[in-house]
Amino acid sequence: METRSSVFANPKPCKHLADYKLRHGLSGYKFLQKWLKTFPNGKTSIKMCETKMPKCSFCSGIRQGRLFLCLICSSMSCSDHTLLHSQSENGHDIAVDIERSELYCCSCSDQVYDLDFDKVVVAKNIVDMPSKTRDSVVDDLMRRSSKRRRLNSVVDLDLIRSKFFVWMRGRRAKSCYPLGLRGLNNLGSTCFMNSILQALLHAPPFRNYFLSERHDRETCRKRSSDQSCLACDIGVIFSAVYSGDRTPYSPAQFLYSWWQHSANLASYEQQDAHEFFISVLDGIHEREGKERNPNKDNGDCQCIAHRVFSGMLRSDLTCTTCGFTSTTYDPCVDISLNMDTSSFSSVDVANKSVRPNEDTGSSTLLACLDLFTRPERLGSDQKLYCQNCQEKRDSLKQMSIKRLPLVLSLHIKRFEHSSLRRTSRKIDWHLQFPFSLDMTPYLSPSIVRNRFGNRIFGFESDEADISAEFEIFAVVTHSGMLDSGHYVTYLRLQNQWYKCDDAWITEVDERIVRASQCYMIFYVQRMLYYKANEDLSCTPMPSRRDPFVPIAGCC
């Protein structure tokens, strides 16, 4: 175990950070230390001139998103122009986020981790403590140091951070957040992982399963000791997050286990949050699904991933010549929705964000669902074989939802890639989404009746046991460019929204959430949402007091 920990717990720095430290050592860090400022909520930022507003040296934008300070020339750049700065100034690759005091690589366009920099920040925090508090923290750390020598450097740093954060959080006027709100440390470009984990940690039926210890980690280890288990490691995160501890948690063990299950994605580079979500559910299914029902497909799988997130899509192909319709059903754990980009110009900009004008740069989630279930005429190169005509014919394809899941995951396709033009783009449109969603119009009975008129059709009773009314509980957002950016999750707990930005948890107004650039939206059945709100409290509770209640369509 100790050997494995040393592999995953210490992120290797990017080559630009390594080059910077080789040329300049720690001089830039130490010079920056005197400009660090710690706020009562524990957040550390760069102290700026009080009489002059910080702004980007390229676009002169005043506080338009995050701003970064170059460690070489002290030039200020916004998130859209950091790459331009590194390209125009050779070797000026490393900068600091002035609001969060975190290192940022302008060439990689992503946050980077360095233990030496974190030591400088934490040392400044301890120096700024009142003398009595500082002495008690330092003395306590010294007493415990002999017991901690066997741990790696990341765990040692977490110990210092924990002591500091406990003191800082004690000063907060409002310290009572709902149980389960805990920040997740960025382990090196892992905001994609943290954002999805926050959504999974607060999906009510998924949460209830792990807190009631339905996945027995001891039994799982005995069955297979040669490979890590994603479900076991998620259970560890649940125990840590719902323990009542508010200090940021480092999901390093889970990251290492995920790398073992997804070797092609095992790196400290930024990954797509949606791909990570699918990969995690596949990893859980791979272990639990085979043990519970080895001979069943995903549509009837009893693993927790599919019991919570899996629904069923219906696809109808209708021959335009004879009207014959063939129907197929496919299980799904999420629904990917296109945005209507018909008003875009035909010019694509490679690896750039597409920003439409104000008149066309908005869409709605309901319009995306309408587009998803709208009949689509397949092209002449997509002719399908008609069983009635006994030859290939033009056809119409229409999607609908045969069975809804307990937790509805909607993925907004903001990234487009054209293999023909060899170009890519990100769609920066604003998407309006409701907090309460009725999925009845998109179910198969509604779609088929609309297609054939007001007639009586016989349908299977799959939809009868599952409510079509949902409440939103999590929104994963992406900001930045196509080839870089940052993921943040907004959680709705007890009708209050919270922003989960890696280690930082803050209350936000719902207007902030509505204005965000959503990438994934998570809804839960309305009954489960209100039941979950009743269970949330400000004090930790034993895991077995939160049972996984049998619900139709889930157990």
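For L22 and E218, what does the FRET efficiency come to when R0 = 41 Å and r is the distance between their Cβ atoms, rounded to the nearest 0.05? Working shown, then result.
Working: r = 47 Å, r/R0 = 1.14.
It comes out at approximately 0.30.
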message: For a quick size check, give me the Cα extents of the range 182-264 along its three principal axes, largest first, whole Å.
response: 32, 32, 20
Label-point gap, in nm, between T328 and N533 - each point 7 angstrom along Cα→Cβ: 4.2 nm
- request: Please give the contour-minus-distance gain from N338 to S315: 0.36 nm per residue of separation, less the Cα-Cα distance, rounded to one decimal in nm.
  value: 6.6 nm
query: Roughly how many nanometres apart are two label points built 7 Å out from the Cα toward the Cβ at T440 and D300?
result: 3.1 nm
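With a ≥ b ≥ c taken as the square roots of the eigenvalues of the C-alpha gyration tensor of the range 230-276, please select rounded if a/c is under 1.5 and otherwise prolate if a/b is larger than b/c or oblate if it is not? Spell out each step's value before the answer.
Details: a/c = 2.51, a/b = 1.88, b/c = 1.34.
Because a/c hits 1.5 or more and a/b exceeds b/c, the range 230-276 counts as prolate.
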statement: Rounded to 0.05, the calculated FRET efficiency for the beta carbons of R451 and E286 at R₀ = 35 Å is 0.40
statement: Note: E269 to Q494 extended length (0.36 nm per residue) minus current alpha-carbon separation gives 77.5 nm
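Throughout, read-outs are computed from the coordinates displayed, never taken from laboratory work. Quick caveat, the model's predicted, so the values are computed rather than measured. Using ideal geometry, Cβ is built from the backbone for each residue, glycine included, and neighbour counts are taken over all protein chains shown.
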